[in-house]
Amino acid sequence: MDELTSKNIDNLNDNVSFSLNHSVKFDGDGNLTTPVTPDKPGQYMYVLATGDNLEATDEDGDGKKDDLEINGETTIVGVEQLAAQNSPSDVTAPNSAEPGEDIDFNVNAAELSGETSHSVVLYEENSFTKSTMAVNISEQLSKDLSTEDVTIKHDIKEVNGVQNLQDDVTFFGQSLESRTGTGLVQFGNVVSFLSNNADVDEPGTQVSGDGISLDASSTAVQADETTTLTVETYDNWTETDYRWIHVASGSSSDQIQVNTGMLEVESSGGGGGDDDDGDPDPTPGDGDDDNATVTEEEKSTPVVDTEKGKATASFEKTNVEQIVFDSSDITGDVTSRDLDREPNETGPSPGVSASVSEIVVPDNAKNTSATIRTKVSTARLEEIDADAEDLRVNRYNDEKGKWQGLQTTLVEKRDDVVVLEAETPGFSYFSVSAVSEPAADATASSTTIDAGGEVELDGSSSENRYGEIVDYQWEIGDQTLSGETVTTTLTESGEYTAELTVTNDADEVDSDSVTITVEGEGGDTGDSDGSGEDGDGDSDGSDSDGGGLLPVPGFGLIVTVVALSVALLALRRQSS
């Protein structure tokens, strides 16, 4: 955007085609939606500006008004960028792979010819789509804005994977030499590299909260339009769904083909089937997971009470003492297993884990509700420094892929154990863990600031006895911000209430708030309803002077990931 000035307009008109649309309108909620239809493949940038000082002209006399004339000052409000293609590339990829396995992608960019730059990026879908990135601008938006006034806040702390640059390739005008890099790369180093290669000052970066490590690998090659790219994975990658993206580009900006798809990274094994012992097939997760060890196992044949419509399975050796099914139609043995920890497929229990069990039932009882009675030793409670009253039974929900707390009652305290009962809707893995509500604590770097000033909201003093706080949500005025510590700019005088809501890994929540007074000229605070607007509710519609937390201009998912990948590759080359 630094190039979009009247001094540089001739150079831009020589290399870029412009068109203007004066009919854009905001809806009642202040949102702007404008359909766009690219007329040919290539990279497009859409700029939202105010005023009437931009004009489309025919400077080169070709009969097309595709040149831009700047007749005075204008304000750039936002920028969006996308890449357009005629048709996607052809990609053949497997549906699944094991952690640590090399994955082959057979690609064909049929619309391109000759030497073609290919890149395939593979990344963990859920973590990437949930992550956010924001640009915090502390000064007024203008042509004098410096990178010293910009901080990039991001959830992705590091990238964990293998980045292979096998031959000299060119993406987005950046040519890179052959190199292979493995291990973790800090996101801040990526921004630093991009800034250095673009010959611009480096903006500040800040990880939101604890940050996340993104499992991702990539391979880039220079080859014919048809080739095979091999992407490496790590043994420690999370077993879940991964998205792959293929980008092929030629010698000019309109030569581009892209495709995307999904594959699952999962370990093989598990087995199953009839073992010919007369017992029914067990539920999914039969204790053979080599990530957890069975420390005790016991079978029980349920005793049926037809009058009460119940069936009861009792155990003497395992932590689970009794299961009372809400049905008398239970045929076959029930198996209770004590595990030394949660299996990898479930991940850790909420809070602090006290015990883990697996209950295997006949097929016709998998989704039968029941009451489970289980025990935890007092020695174990002392070991994890937990109170019996804080214990909760959890069930792993296979369909949702997460632990869910069950309604739990502390029914008995013996000399050496405490006994719990819980209602379950079905059977899978179970755990007993100590959980508690978090204690939110919201503070501000200053409770009185000038209009247009910046304030940092800090929730780092929030506490949680068991487990960890996994989410920090801030509400201030009409803004919603995420992160343990966030920064915002308040442009209107008045009193603002910043409310912090924290959620821990047991899905327990707590809230706290802090009030910030924003003073206008002469120390006036004015009347405010907490949203930063005057108390009469009227607004003149003018643009505010402050920057605040602005979403990063959408570079398009495909272009963003490939740009990040290429930056990682180049960073590895630079640091070697």
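Quick notes
- In this structure Leu20 has an accessible area near 70 Å², from a 1.4 Å probe over the protein heavy atoms.
- Whole-number accessible area per residue in Å² for the range 438-519, which is evaluated in the context of all protein chains at 1.4 Å: 42 Å²
- Within the accessible area of the range 294-434 (1.4 Å probe), percent carbon and sulfur: 40 percent
- Proximal charge balance of Asn71 [Cβ under 11 Å; K/R count +1, D/E count -1]: -4
- Sum of side-chain charges, Ser511 neighbourhood, beta-carbon under 10 Å (Lys, Arg +1; Asp, Glu -1): -4
- A 1.4 Å probe run over the range 5-64, with the rest of the protein chains in place, finds 79 Å² accessible per residue.
- Vicinal HN-Hα couplings computed from phi for the range 333-339 (Karplus, 6.51 cos²θ - 1.76 cosθ + 1.60; Hz; Gly/Pro x): 7, 10, 10, 10, 10, 8, 10
- Just the protein heavy atoms count here, and of the accessible area of the range 9-83 at 1.4 Å, carbon and sulfur take up 46 percent.
- Built amide H within the under 5 Å cut-off of Arg341, gap 5+: Thr293
- Over 25 Å (Cα to Cα) - which of Lys299/Lys375; Lys308/Lys400; Lys40/Lys64; Lys317/Lys413; Lys310/Lys375 fall in this group: Lys308/Lys400
- Mean sequence separation of contacting Cα pairs (under 8 Å, at least six apart), scaled by the length of the range 294-434, corresponds to a relative contact order of 25 percent.
- Under-5 Å amide H pairs with Asp450, H placed in peptide plane, nonlocal only: Glu519
- Heavy-atom accessible surface of the range 205-259: percent carbon and sulfur, 1.4 Å: 36 percent
- For the range 289-418, the solvent-accessible area with a 1.4 angstrom probe is 51 square angstrom per residue.
- For the range 314-323, Karplus couplings with θ = phi - 60° (6.51, -1.76, 1.60), whole Hz, Gly/Pro x: 10, 9, 10, 9, 8, 4, 6, 8, 7, 10
- Neighbours of Thr408 by Cβ distance under 12 Å: Lys/Arg scored +1, Asp/Glu scored -1, total -1.
The values are calculated or read from the model by the stated rules, or taken from the named source; none is laboratory data. Being a predicted model, the structure only gives us computed values, none of them experimental. All Cβ positions, even for glycine, are placed from backbone atoms using ideal geometry, and neighbour counts span all protein chains on display. To get the accessible areas, we keep the full protein, side chains included, count just its heavy atoms, and leave off ligands, DNA and RNA. Shrake-Rupley method; radii C 1.70, N 1.55, O 1.52, S 1.80 Å.
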